[in-house]
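A.B. asks: Before we start, here is the structure in question, set down as structure tokens.
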Amino acid sequence: MNLRGTNLTKLREQEFDVLIVGAGINGAVSAASLAARGVKVALIDRADFAGLTSANSSNLAWGGIKYLENREFLLVNKLCKSRNKLMQAYPSTVKEIRFFTTITRGFRVWSFFVYLGALLYWIIGRCQTRPPLYKTAGTLERQEPVINTEQAAGGLEYSDCYLYDNDARFVFRFIRKALDYGCVAANYVESTICSFDNEIWNCQVTDVISKESFTLRSKVLINACGPYVDEYNASSGEQTQHQHLFSKGIHLIVDQVTDNKRVLTFFASDGRLFFLIPMGPKTCIGTTDTEVNHPDVAVSDEDRDFVLSNVNALLDLERPLTRDDIIAERCGVRPLAVSRGSQERADWVQLSRKHEIDVNQQRRHLSIFGGKLTDCLNVGDEVAAIVKQLGIDAPYEHKRWYGEPAAAVREEYLHQAKLMDLDSLTDPSSSEPLSERFWRRYEDNAFELLERIREDRSQAGLLIENAEYTRCEIELAARQEMIVKLEDFLRRRSKIELVVRREDILKAPGLRQACKIFFGDQAEQRLREYAELSGA
């Protein structure tokens with residue numbers, strides 16, 4: 001039986017201290033934080049882990065520089081502290097990157113004043129990154145010729161952070177950590193009907209794949225359903241102080257527009273920050289900020305044209321980008337936490353991504369609203385503190401639950417990799433040594449990869465062209481990462497689908513082999529499902 005099947009059996013048979021519904025970033029950090037402290041935790045999601053908002057972000061861990069304009073200094077301070085903590089805890093994954101911001105003539109704020117704001121931002125961030133620099137229009141053009149400086153009044157260069165891999169992979173890191181601490185997690189398990197009786201939550205859940213239903217019991221229920229928090233609360237009769245508004249954001253991924261490894265930042269025609277973010281050999285462009293009434297969203301032609309028209313106006317390209325240049329798209333909603341019945345809708349673009357946790361003490365129920373990846377460690381700690389107040393014992397209260405393994409573990413891994421000359425097996429087209437890539441993705445589980453390659457050096461061979469994933473990695477994912485559908489791996493455990501066109505993925509000779517590793521006898525069925533999803 002595979003890991004998911006084993007966990008489904010445990011979900012049926014055990015009673016838990018805490019059930020977390022929703023496995024985006026809020027649910028993932030809650031599970032890791034609680035499980036590390038010795039709390040008996042179950043985590044379920046009706047789709048894949050990190051399947052919605054947490055898989056459609058800008059891949060940035062930033063301190064919220066835009067909130068300075070609203071004088072939300074306390075929020076910026078909190079986010080900068082969180083960003084710094086992520087940088088220190090995950091040095092292989094959360095990395096500093098320079099931002100090049102262009103200010104056009106006639107902008108609502110003088111360009112040098114924007115630079116002063118960046119200087120304040122750097123100070124609030126405890127000077128943990130390289131300091132900001134003011135740039136004249138001429139300097140911008142010399143250092144980044146792709147920028148159209150005809151209307152530029154000036155600009156600045158400052159630092160924030162980005163995720164080397166994709167956001168969904170980062171979320172899964174916390175789920176993997178929670179599993180290591182004894183959390184029982186399963187994707188594609190939907191919670192339908194919940195009731196609180198005799199101090200216990202009884203939740204009817206259904207395995208979306210097999211359609212089998214069973215009852216899951218826990219003392220505490222945490223609603224971490226992201227944009228569906230309100231909908232799930234309505235089904236269980238839960239009343240809260242907060243609710244969500246929704247902003248649709250999209251990104252388009254195209255071939256690399258500049259080989260400089262920095263984020264290009266502008267103000268789009270709607271006044272929102274607009275990014276061009278490096279993504280290996282590609283560039284991720286966005287984002288939009290469209291008010292919507294429901295979290296079920298899709299990319300429209302209007303969205304595509306908005307992004308393309310802005311990027312074509314802001315850059316000096318050899319030819320304008322068109323829809324034919326789009327390799328992949330990302331689309332999701334930002335769930336924005338507001339007080340129930342508030343009128344904050346009027347300042348739509350200015351709404352922040354702060355999180356709120358509503359607690360029903362009598363029913364031992366938590367609802368997590370809003371939030372963003374940068375602030376995730378705070379969410380995990382706050383949830384653990386609340387659960388303790390609800391009477392759940394946490395025998396290892398002060399256990400550190402996040403971060404990469406100790407430096408000595410990494411040094412031992414790199415030493416073993418060097419002794420076996422692992423990096424000589426790196427694909428020539430890759431910009432990163434195999435040893436570094438393994439560690440960043442799998443941390444101490446990378447030792448398993450070394451062992452497989454010692455047994456058979458062909459395990460270091462790539463299966464899917466242009467994907468930078470080896471056979472032994474795919475085997476490890478099959479054992480440990482609950483790959484239920486091909487898209488789970490291609491879109492979320494990896495970023496293959498974000499940098500390779502779907503039609504090219506389907507043509508890759510090794511794709512069928514990968515499916516066989518993931519799905520065994522169901523390989524052809526899962527491959528057909530993916531092809532149908534891709535419209536092939």
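A.B. asks: Name every residue in the stretch 56-96 that is of a type in the set (D, E, K, R) and buried (at least 21 other Cβ atoms within 10 Å of the Cβ), in order of residue number.
C.D. replies: Arg83
A.B. asks: Taking the stated definitions as given, is Glu448 surrounded by 15 or more Cβ atoms within 10 Å (Cβ to Cβ) and in contact (Cβ under 8 Å) with a residue 12 or more places away in the chain?
C.D. replies: Spelling it out, Glu448 is indeed surrounded by 15 or more Cβ atoms within 10 Å (Cβ to Cβ) and in contact (Cβ under 8 Å) with a residue 12 or more places away in the chain.
A.B. asks: Suppose we filter the stretch 418-428 for residues that are without any contact (Cβ under 8 Å) to a residue 24 or more places away in the chain and part of a loop (DSSP other than H, G, I, E, B); how many remain?
C.D. replies: 3
A.B. asks: List pairs: first in the stretch 147-175 and farther than 30 Å from Arg491 by Cα, second crowded, with 22+ Cβ neighbours inside 10 Å and among the charged types (D, E, K, R), Cβ under 7 Å, 6+ apart or cross-chain?
C.D. replies: Hits for this filter: Gly154/Lys135; Gly155/Lys135; Leu156/Lys135; Glu157/Lys135.
A.B. asks: Could you figure out which of (1) touching a strand residue (DSSP E or B) at 6+ places or on another chain (Cβ under 6 Å); (2) on the phi > 0 side of the Ramachandran plot isn't true of Leu498?
C.D. replies: All conditions are met except number (2).
A.B. asks: Turning to a different aspect of this structure: Can you tell which of Glu190, Glu199 is surrounded by fewer than 22 Cβ atoms within 10 Å (Cβ to Cβ), within 30 Å of Leu390 (Cβ to Cβ), over 27 Å from the mean Cα position of the chain (by Cα) and among the acidic types (Asp, Glu)?
C.D. replies: Glu199
A.B. asks: Right, next: Quick check, is Asp421 at pLDDT 95 or above and either under 30 Å from Ser210 (Cβ atoms) or in contact with a helix residue (DSSP H, G or I) (Cβ under 9 Å, 6 or more places away or on another chain) (or both)?
C.D. replies: Working: at pLDDT 95 or above: yes; either under 30 Å from Ser210 (Cβ atoms) or in contact with a helix residue (DSSP H, G or I) (Cβ under 9 Å, 6 or more places away or on another chain) (or both): no.
Against the criterion (at pLDDT 95 or above and either under 30 Å from Ser210 (Cβ atoms) or in contact with a helix residue (DSSP H, G or I) (Cβ under 9 Å, 6 or more places away or on another chain) (or both)), Asp421 does not qualify.
A.B. asks: Any residue in the stretch 219-234 that is in a loop (DSSP other than H, G, I, E, B) and either hydroxyl-bearing (Ser, Thr, Tyr) or more than 27 Å from Trp62 (Cβ to Cβ) (or both)?
C.D. replies: Just the residues of the stretch 219-234 that are in a loop (DSSP other than H, G, I, E, B), to begin with: 224-225.
Now narrow it down to the ones that are either hydroxyl-bearing (Ser, Thr, Tyr) or more than 27 Å from Trp62 (Cβ to Cβ) (or both): none.
No: zero hits.
A.B. asks: Can you name every residue in the stretch 523-536 that is without any contact (Cβ under 8 Å) to a residue 40 or more places away in the chain and either in contact with a Gly (Cβ under 9 Å, 6 or more places away or on another chain) or part of a helix (DSSP H, G or I) (or both)?
C.D. replies: Ala523, Glu524, Gln525, Arg528, Ala531, Glu532
A.B. asks: Next question. Go through the stretch 97-121 and count every residue that is surrounded by 18 or more Cβ atoms within 10 Å (Cβ to Cβ), hydrophobic (A, V, I, L, M, F, W, C) and in contact with a helix residue (DSSP H, G or I) (Cβ under 9 Å, 6 or more places away or on another chain).
C.D. replies: Looking only at that region, the number is 4.
A.B. asks: Exactly one of these conditions fails for Glu212: (1) free of Cβ contacts under 8 Å to residues at least 40 places away in the same chain; (2) within 26 Å of Val333 (Cβ to Cβ). Give me its number.
C.D. replies: Result: Glu212 fails condition (2) only.
A.B. asks: Over 30 Å from Ser435 (Cβ atoms) and touching a residue at least 24 places away in the same chain (Cβ under 8 Å): is that true of Lys85 in this structure?
C.D. replies: So Lys85 fails the test.
A.B. asks: Still on this structure: Going through the stretch 372-385 one residue at a time, which ones are crowded, with 18+ Cβ neighbours inside 10 Å and of a type outside the set (Lys, Arg)?
C.D. replies: Restricting attention to the stretch 372-385, the residues satisfying the condition of being crowded, with 18+ Cβ neighbours inside 10 Å are 372-377, 379-380, 382-384.
Leu373, Thr374, Asp375, Cys376, Leu377, Val379, Gly380, Glu382, Val383, Ala384 - these are the residues of the stretch 372-385 that are crowded, with 18+ Cβ neighbours inside 10 Å and of a type outside the set (Lys, Arg).
Yes/no per residue for (1) touching a helix residue (DSSP H, G or I) at 6+ places or on another chain (Cβ under 6 Å); (2) buried (at least 19 other Cβ atoms within 10 Å of the Cβ); (3) not polar (S, T, N, Q):
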position: Gln256; (1), (2), (3): no, no, no
position: Phe275; (1), (2), (3): no, yes, yes
position: Pro278; (1), (2), (3): no, yes, yes
position: Pro281; (1), (2), (3): no, no, yes
position: Asp289; (1), (2), (3): yes, yes, yes
position: Glu302; (1), (2), (3): no, no, yes
position: Asp305; (1), (2), (3): no, no, yes
position: Glu318; (1), (2), (3): no, no, yes
position: Leu321; (1), (2), (3): yes, yes, yes
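A.B. asks: Cβ-Cβ below 7 Å, separation at least six or inter-chain, first residue in the stretch 369-383 and at pLDDT 95 or above, second assigned to a helix (DSSP H, G or I) and β-branched (Val, Ile, Thr): which pairs?
C.D. replies: Pairs that qualify, where the first residue is at pLDDT 95 or above and the partner is assigned to a helix (DSSP H, G or I) and β-branched (Val, Ile, Thr), are Phe369/Val229; Cys376/Ile25; Cys376/Val29; Leu377/Val29; Val379/Val29; Gly380/Val29.
A.B. asks: While we're here: Gly138: over 25 Å from the mean Cα position of the chain (by Cα) and under 30 Å from Arg217 (Cβ atoms), yes or no?
C.D. replies: Numbers: over 25 Å from the mean Cα position of the chain (by Cα): yes; under 30 Å from Arg217 (Cβ atoms): no.
So Gly138 fails the test.
A.B. asks: Let me spell it out: the conditions are (1) over 18 Å from Phe100 (Cβ atoms); (2) touching a helix residue (DSSP H, G or I) at 6+ places or on another chain (Cβ under 8 Å), and Gly249 meets all of them except one. Which number is the exception?
C.D. replies: With (1) over 18 Å from Phe100 (Cβ atoms); (2) touching a helix residue (DSSP H, G or I) at 6+ places or on another chain (Cβ under 8 Å) applied to Gly249, the lone miss is (2).
A.B. asks: Can you name the residue in the stretch 1-47 that is among the acidic types (Asp, Glu) and surrounded by fewer than 24 Cβ atoms within 10 Å (Cβ to Cβ) and, of all such residues, is farthest from Arg334 (Cα to Cα)?
C.D. replies: Filtering first and then ranking leaves Glu13.
A.B. asks: Also, quick follow-up: Any idea how many residues of the stretch 491-518 are out of contact with any Leu (no Cβ under 8 Å at 6 or more places or on another chain) and without any contact (Cβ under 8 Å) to a residue 24 or more places away in the chain?
C.D. replies: Residues meeting the conditions: 2.
A.B. asks: I'd like the full set of residues that are touching a Phe, Trp or Tyr at 6+ places or on another chain (Cβ under 8 Å) and not charged (D, E, K, R), limited to the stretch 115-135.
C.D. replies: Result: Tyr115, Ala118, Tyr121, Trp122, Ile124, Thr129, Pro131, Pro132, Leu133, Tyr134.
A.B. asks: Has the stretch 204-216 got at least one residue that is over 28 Å from the mean Cα position of the chain (by Cα), assigned to a strand (DSSP E or B) and of a type in the set (A, V, I, L, M, F, W, C)?
C.D. replies: Looking for residues that are over 28 Å from the mean Cα position of the chain (by Cα), assigned to a strand (DSSP E or B) and of a type in the set (A, V, I, L, M, F, W, C), one finds at least one in the stretch 204-216, hence yes.
The values are calculated or read from the model by the stated rules, or taken from the named source; none is laboratory data. Predicted model, so just to flag it, every value in this text is computed and none were measured. Glycine gets a Cβ as well: all are built from the backbone with ideal geometry, and neighbour counts include every protein chain shown.
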